[in-house]
Every structure is written in C-alpha cells, then in structure tokens.
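Trainee: Got a structure here, written out as structure tokens. Questions coming.
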Amino acid sequence: LFATLAASDGERIYALRYPSCKGSRTLFHSGHIHALHDVDGAYGSLPAGAVVVVSEPLDELADHWEEVSESTLIVVADGQVTRHAFVPTKGT
C-alpha cells in the first residue's frame, strides 16, 4: 500500500507520504517562496508566506524543495511546515 495525498480545511494543508514497505512515491514542499519568485515569474502571484506542496520539484534547484520522508504527515499553517511521524493503527 502506498499513499501520497493532500487535503485542506481552508486554513491548513495536511499532506501525507506513507508506504507499507519502502519505496513510495515522493512528496516535497517548497523551502522558501522568495527563491521561487526569483526563478520564475509564474510564482509571482503567490503570497510571501506561501508553501507549495508537490509530488515532484517544479524546478531543478534542490535548495528550493524539501523532501517529505516516508511515514510522515506534514501540516502547513501560516507559512510554517511541521512534520509528524505517521503510524497507521488497525481498526477493531
């Protein structure tokens, strides 16, 4: 089982990268939006505190992107990214 997903409640983004075995698809978030503004004008409409969550980096500049580790849930709120270990529990 592999899961890479994102959801939002309108204030926060929740994004998950989870594999039941190693080798899941990737998940990244932007490290700093100011660098993205400098690289491509298409990012100009994003507010200064924006965080972009993507399956693959949008450019080849590795310092713009931070990979989300396997079995990790990230929460993006107010321009900040927090990471949480994700361990599913079995229902009864």
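The values are calculated or read from the model by the stated rules, or taken from the named source; none is laboratory data. Everything numeric in this text was worked out from a predicted model, so none of it was measured. Reconstructed Cβ throughout: ideal geometry from the backbone, glycine too, with neighbour counts over all protein chains shown. Note: areas computed on protein heavy atoms with side chains; ligands, DNA, RNA excluded. Shrake-Rupley method; radii C 1.70, N 1.55, O 1.52, S 1.80 Å.
Trainee: Please go through region 69-92 and give me each residue that is open to solvent by less than 50 Å² (accessible area, probe 1.4 Å) and hydroxyl-bearing (Ser, Thr, Tyr), ordered by number.
Mentor: Passing the criteria: Ser71, Thr72.
Trainee: Can you run down the residue pairs with Cβ atoms below 6 Å, 6 or more apart or on separate chains, where the first is in region 47-59 and under 18 Å from Arg12 (Cβ atoms) and the partner is in a loop (DSSP other than H, G, I, E, B)?
Mentor: The qualifying pairs are Gly49/Gly79.
Trainee: Going through region 48-78 one residue at a time, which ones are part of a loop (DSSP other than H, G, I, E, B) and touching a helix residue (DSSP H, G or I) at 6+ places or on another chain (Cβ under 8 Å)?
Mentor: Within region 48-78, Ala48, Gly49, Ala50, Val51, Val52, Pro57, Leu58, Asp59, Leu61 qualify.
Trainee: Within region 1-31, can you find the residues that are in a strand (DSSP E or B), farther than 14 Å from Leu73 by Cβ and open to solvent by 70 Å² or more (accessible area, probe 1.4 Å)?
Mentor: Matches in region 1-31: Phe2 only.
This table checks each residue for (1) modelled with pLDDT of 80 or more; (2) in contact with a Leu (Cβ under 9 Å, 6 or more places away or on another chain); (3) among the aromatic types (Phe, Trp, Tyr).
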position	(1), (2), (3)
Leu16	yes, yes, no
His29	yes, no, no
Tyr43	no, yes, yes
Pro47	no, no, no
Ser55	yes, yes, no
Ala62	no, no, no
Glu66	yes, no, no
Val75	yes, no, no
His84	yes, yes, no
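Trainee: Which pairs do you get when a residue that is under 11 Å from Arg83 (Cβ atoms), found in region 60-71, comes within reach of a residue that is aliphatic (A, V, I, L, M) and open to solvent by 40 Å² or more (accessible area, probe 1.4 Å), reach meaning Cβ atoms under 7 angstrom, with the pair 6+ apart or on two chains?
Mentor: Ser71/Ala85; Ser71/Val87
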